[in-house]
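J.: The structure follows.
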Amino acid sequence: MNFFKSFYIHNTFFWYIGILASGFTISYWIKELYPIIWLATFILLGLFFFDVFLLYSTKKGIEAYRTTPQKLSNSDYNPISLSFKNGYPFKIKINIIDELPVQFQKRDFTYTTSLIKNEKKDYEYSVRPVDRGEYIFGNLNIFTSTFLRIIKRRYVFQKNQMTPVYPSIIQMQRYDFLAISNKLTEVGLKKIRRIGHTQEFEQIKDYISGDDFRTVNWKATAKRNQLMVNQYQDEKSQPIYSIIDTGRVMKMPFNGLKLLDYAINSTLAFSNVALKKNDKTGLLSFSKKIETFLPAIQKLSHLNTILEKLYNITTAYTDSDFGLLYAHIKRKINHRSLLLFYTNFEHISALQRQLPFLNAIAKKHVLVVIFFENTELENLILKDAEDLQGIYHKTIAEKFSLEKRLMQKELQKHGIQTILTKPEDLTINTINKYLEIKARGLL
């Protein structure tokens, strides 16, 4: 039974059959060719059985395995490597068909190469998931054939290999390194001018040209008989919460990725940076009910808890209850905190309905409302209109784009910090705002 499951006829064999069939047809008119065609037929049958012998006489003709990351990173290109080794005592040609998870909707993945005796090769390709969850790789199929190319033998490896897709770990690791090395400006993160001296005292050090004279410590200067200055650092252990709206407004996709997943990826990267900056981080997600709430904690191990909670967040198809959010924050978050609120508004009327709740939250906390530019509309605005319908579409797009900026000004008028960003720039702009608030001592 295993023989028949692994036995396949090569396409070349059908060419041979076609040639023989043509030969028999011609031999009907030219009788001299008749014995030659029969001889060719017996030779082909002999080569057929010889090819079967070559491929099946070796018990383990091919060794292969697929290597995937322990966790795939959502929205990033993740490397998948295939390794295979020839166990035959002769050169073979192999055709690899890897059955990718159904989420990728790709059914034509194939790779062809040849291997000499005992040769080992590696092949790497990338996959970009756009949804979190369990991804199941099917069979790793390898079809082998000899130089005769009459039949193919199929080998199957690693059936149903499950790999979970988590929020963007690759993005988090990128900003993790930059936060440790204090090189956040290298990826476009701004340096913010510090206002006043709201930072915590760190140490007294020797005066260096360029230091602010207002930080001179005159008592230490008198004792050391040289200028000494106070050095300050950002205040630490400040509570910061990422609040994610999981209502229907976050279902909208851009570049294949939902707004919710952009927010989740940003939350993970930002939480990691904030923890490295010695602040407390927490998480809250809601729609019609409070789905997730993690109190702000300063431990680095808390990041793993945040990662697991983000992995399980899903989008609901309901309107979110901002009143419920306000009541929960008032009851559970007692200390003044920085609240980064990921949501979206497409119409100014939607914002006005929720504005009383946002104002109430902002009275006690530093609230940053993060919502998104519609990049599809921006592309439509930049495109030249070629007819009356195009002019109409462009005018409507400009109206919606203007409404986004009016919403931003409306929030700022009520003293609420805002970020209006393209989805792909969300993480950078969020960390920028965090650095700005820390530098200006607003929390």
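The values are calculated or read from the model by the stated rules, or taken from the named source; none is laboratory data. Keep in mind it's a predicted model, so treat the numbers as computed, not measured. Positions of Cβ are backbone-derived with ideal geometry, glycine not excepted, and every protein chain shown enters the neighbour counts. For accessibility, only protein heavy atoms count, side chains too; no ligands or nucleic acids. Shrake-Rupley method; radii C 1.70, N 1.55, O 1.52, S 1.80 Å.
J.: If the requirement is being within 28 Å of the chain's Cα centre (by Cα), open to solvent by 10 Å² or more (accessible area, probe 1.4 Å) and over 28 Å from Ile290 (Cβ atoms), which of these qualifies: Leu406, Leu435, Leu420, Leu402?
T.: Details: Leu406 fails: within 28 Å of the chain's Cα centre (by Cα); Leu420 fails: over 28 Å from Ile290 (Cβ atoms); Leu402 fails: within 28 Å of the chain's Cα centre (by Cα).
Only one candidate qualifies: Leu435.
J.: Just to be sure I understand, how many residues within the range 293-311 are touching a residue at least 24 places away in the same chain (Cβ under 8 Å) and under 23 Å from the mean Cα position of the chain (by Cα)?
T.: Going through the range 293-311 one residue at a time, the tally reaches 8.
J.: Mind checking which residues of the range 140-178 are touching an Asp or Glu at 6+ places or on another chain (Cβ under 6 Å) and not polar (S, T, N, Q)?
T.: Leu140, Leu148, Ile150, Ile151, Met162, Pro164, Ile170
J.: Looking at the range 332-349 only, could you name the residues that are closer than 24 Å to Ala316 by Cα and either touching a helix residue (DSSP H, G or I) at 6+ places or on another chain (Cβ under 8 Å) or modelled with pLDDT of 95 or more (or both)? Show your work before the answer.
T.: Here is the first cut: in the range 332-349, the ones closer than 24 Å to Ala316 by Cα are 332, 339-349.
If the condition is that a residue be closer than 24 Å to Ala316 by Cα and either touching a helix residue (DSSP H, G or I) at 6+ places or on another chain (Cβ under 8 Å) or modelled with pLDDT of 95 or more (or both), then Leu339, Leu340, Phe341, Tyr342, Thr343, Asn344, Phe345, Glu346, His347, Ile348 are the ones that fit.
J.: Please indicate, with yes or no, whether at least one residue in the range 343-352 is open to solvent by 50 Å² or more (accessible area, probe 1.4 Å) and farther than 30 Å from Glu403 by Cα.
T.: Checked against the condition, which is being open to solvent by 50 Å² or more (accessible area, probe 1.4 Å) and farther than 30 Å from Glu403 by Cα, the range 343-352 yields no hits at all.
J.: Got a number for residues in the range 105-150 being within 23 Å of Val165 (Cα to Cα), open to solvent by 50 Å² or more (accessible area, probe 1.4 Å) and touching a Phe, Trp or Tyr at 6+ places or on another chain (Cβ under 8 Å)?
T.: 3
J.: Among the residues of the range 278-294, how many are open to solvent by less than 10 Å² (accessible area, probe 1.4 Å) and charged (D, E, K, R)? Steps first, answer last, please.
T.: Residues of the range 278-294 open to solvent by less than 10 Å² (accessible area, probe 1.4 Å): 279, 281-287.
Checking which are charged (D, E, K, R) leaves us with 279.
Final tally of qualifying residues: 1.
J.: In the list Ile361, Ile370, which residue meets the criterion of being open to solvent by less than 20 Å² (accessible area, probe 1.4 Å), in contact with a Phe, Trp or Tyr (Cβ under 6 Å, 6 or more places away or on another chain) and within 22 Å of Ile428 (Cβ to Cβ)?
T.: Values: Ile361 fails: within 22 Å of Ile428 (Cβ to Cβ).
Checking each option against the conditions leaves just Ile370.
J.: Among (1) open to solvent by 20 Å² or more (accessible area, probe 1.4 Å); (2) in contact with a Phe, Trp or Tyr (Cβ under 6 Å, 6 or more places away or on another chain), there is one condition Val273 misses while meeting the rest; what is its number?
T.: Unmet for Val273, out of (1) open to solvent by 20 Å² or more (accessible area, probe 1.4 Å); (2) in contact with a Phe, Trp or Tyr (Cβ under 6 Å, 6 or more places away or on another chain): (1).
J.: Within the range 326-342, count every residue that is open to solvent by 10 Å² or more (accessible area, probe 1.4 Å) and outside any loop (DSSP other than H, G, I, E, B). Don't jump to the end; show me each part of the working.
T.: Narrowing the range 326-342 to residues open to solvent by 10 Å² or more (accessible area, probe 1.4 Å): 326-328, 330-332, 334-336.
So of that shortlist, the ones also outside any loop (DSSP other than H, G, I, E, B) come out as 326-328, 330-332.
Counting residues in the range 326-342 that are open to solvent by 10 Å² or more (accessible area, probe 1.4 Å) and outside any loop (DSSP other than H, G, I, E, B) gives 6.
J.: Quick check on this structure: which one of Leu284, Leu268 is in contact with a helix residue (DSSP H, G or I) (Cβ under 9 Å, 6 or more places away or on another chain) and closer than 21 Å to Asp425 by Cα? Lay out the reasoning, then the answer.
T.: Numbers: Leu284 fails: closer than 21 Å to Asp425 by Cα.
Result of the check over Leu284, Leu268: Leu268.
J.: Now, a different point. What are the pairs, 6+ residues apart or on separate chains, where a residue within the range 375-393 that is free of Cβ contacts under 8 Å to residues at least 12 places away in the same chain has its Cβ under 8 Å from a residue that is among the acidic types (Asp, Glu) and surrounded by fewer than 14 Cβ atoms within 10 Å (Cβ to Cβ)?
T.: Matching pairs, first to second residue: Gly390/Asp384.
J.: Which residue is most open to solvent (accessible area, probe 1.4 Å), if the candidates are limited to the range 5-33 and must be among the hydroxyl-bearing types (Ser, Thr, Tyr) and assigned to a helix (DSSP H, G or I)? I'd like the intermediate steps shown before the answer.
T.: Within the range 5-33, the subset among the hydroxyl-bearing types (Ser, Thr, Tyr) is 6, 8, 12, 16, 22, 25, 27-28.
Checking the rest, the ones that are also assigned to a helix (DSSP H, G or I) come to 6, 12, 16, 22, 25, 27-28.
On the way: Ser6: 14, Thr12: 31, Tyr16: 79, Ser22: 62, Thr25: 84, Ser27: 3, Tyr28: 144 Å².
By that ranking, first place goes to Tyr28.
J.: Still on this structure: Being loosely packed, with under 14 Cβ neighbours inside 10 Å and in a strand (DSSP E or B) is the filter here, so list the residues in the range 68-104 that pass it.
T.: Correct list: Pro79, Ser81.
J.: Please work out if Ser81 is modelled with pLDDT of 90 or more and touching a His at 6+ places or on another chain (Cβ under 7 Å).
T.: Working: modelled with pLDDT of 90 or more: yes; touching a His at 6+ places or on another chain (Cβ under 7 Å): no.
No; evaluated as a whole, the condition is false for this residue.
J.: To continue, here is another question. Which one is nearest to Asp131 (Cα to Cα), of the residues in the range 295-313 that are open to solvent by 60 Å² or more (accessible area, probe 1.4 Å) and in a loop (DSSP other than H, G, I, E, B)?
T.: Asn312
J.: While we're here: What are the residues in the range 34-67 that are part of a helix (DSSP H, G or I) and of a type in the set (S, T, N, Q), if any? First the steps, then the outcome.
T.: Initially, the range 34-67 is screened for residues part of a helix (DSSP H, G or I), giving 34-56.
Thr41, the sole residue that qualifies.
J.: Here are the criteria: (1) closer than 25 Å to Asn278 by Cα; (2) at pLDDT below 80; (3) buried (at least 19 other Cβ atoms within 10 Å of the Cβ). Tell me which single one Gly441 does not satisfy.
T.: Gly441 satisfies every listed condition except (3).
J.: Determine whether the range 178-192 contains at least one residue that is among the acidic types (Asp, Glu), modelled with pLDDT under 85 and open to solvent by 40 Å² or more (accessible area, probe 1.4 Å). Lay out the reasoning, then the answer.
T.: Going residue by residue through the range 178-192, those that are among the acidic types (Asp, Glu) are 186.
Those still in the list that are modelled with pLDDT under 85 too: 186.
From the residues that got through so far, the ones that are open to solvent by 40 Å² or more (accessible area, probe 1.4 Å) too are 186.
Taking every residue of the range 178-192 in turn, at least one turns out to be among the acidic types (Asp, Glu), modelled with pLDDT under 85 and open to solvent by 40 Å² or more (accessible area, probe 1.4 Å).
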